[in-house]
Amino acid sequence: MIKVFESISRINNKQKDFDNFLKNNKNIFKDHEEINQNKFNENNYKKSYTFFEILKFKSQRKNALLLLLIYFSISFCFYGIILNVGNLKGNFHANTFMIFLGESISAFYSGKLIDIYGRLKVLKYSLFIGSFFLLVFGFMSSNIARCFFLFLSMIGYTSHYSMIGVFISETFPTCIRSMMYSYLKFFSRFGPLIVPYLSQILRDNINYSFIISGFIGYLFCFFLEETKGKELQDCIPEEINKNNFLLKDDL
């Protein structure tokens, strides 16, 4: 706003007068900007959005839909294996131990990996690893080999499941961050809900549904953008533009 008046003063050869005015009235523009900024913050942060309202914003739509599908995919794989451990080939107790051992190890190191290699690489390749080794698991005849590849598969799936929350929190603006995480977590739970019904239909072949789901989620990750080192937004861009326009009308 000050720059606008400075330009006007230069055009009218009144810059010295304007500079003197600023020296004697330092707080006029500052107070006005603070009032307008407070108005903007109140309008922006007090508003809540439904998931479908968020989809109307072009800047948020792609990430919201992609992460909905990816979160559904990993929840289906992660919880599906745990719920379906009784139908897995091999020893039940050994499989259970290896599943939770893989989960514990990945939970320990995955946070370090995303700081080193970036969020997106870990998300992509952990899904690929989970599905690839689960596929190999199905072809093994030795119980020891099965346990080993199930362990590797669970490391991949758990790494993705543990870190997707970090990616979501860095993808969406502050004003909708918590809401989007809640919405995506809610929709992701429909994945595990269908596992018991699929188990009755597919029985031993249900692993293939986890494998396919994981590979699909892996492909969707290629359409996302890395968030490591990216400046976090506080506001939805479309709302900033709209509020700025309204504030100009108040001047």
How far apart, in nm, are two points set 7 Å out from the Cα along the Cα-to-Cβ line at S59 and at S169? 2.2
Could you tell me the relative contact order of segment 126-230? Use alpha-carbon pairs under 8 Å, at least six residues apart, and round to a whole percent. 37
Note the full-extension length gain between L101 and L83 as 0.36 nm times their separation in residues minus their Cα-Cα distance, in nm to one decimal. 4.9 nm
Between L219 and D19, what is the label-to-label distance in nm when each label sits 7 Å out along the Cα-to-Cβ direction? 6.5
Derived scalar couplings ³J(HN,Hα) [segment 153-164; Karplus, 6.51 cos²θ - 1.76 cosθ + 1.60; whole Hz; x for Gly, Pro]: 4, 5, 4, x, 5, 5, 4, 5, 4, 6, 9, 5
Beyond 24 Å between alpha-carbons counts as too far, so tell me which of K58/K185; K62/K112; K89/K124; K58/K112; K89/K185 fall in that bin. K62/K112; K89/K124; K58/K112; K89/K185
Contour minus Cα-Cα distance for N91 and R203 (0.36 nm per residue): 38.7 nm
Cα-centre dipole for segment 131-251 with unit charges at Cβ (Lys and Arg positive, Asp and Glu negative), debye to 20: 600
Accessible area per residue for segment 116-250 in Å², computed with a 1.4 Å probe and the full protein assembly in place, what is it? 51
What are the ³J(HN,Hα) couplings of segment 170-181, residue after residue, when phi is run through the Karplus curve with 6.51, -1.76, 1.60 and θ = phi - 60°? Round to Hz, x for glycine and proline. 9, 8, 9, x, 3, 5, 10, 4, 5, 5, 5, 4
Using mean Cβ contacts within 10 Å as the protection proxy, how do 173-182, 224-233 order, highest first? 173-182, 224-233
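The values are calculated or read from the model by the stated rules, or taken from the named source; none is laboratory data. Predicted model only: the values in this text are computed from it and were never measured. Virtual Cβ from ideal backbone geometry, glycine too; neighbours counted across all protein chains shown. The accessibility values were calculated without ligands, DNA or RNA, using every heavy atom of the protein model including side chains. Shrake-Rupley method; radii C 1.70, N 1.55, O 1.52, S 1.80 Å.
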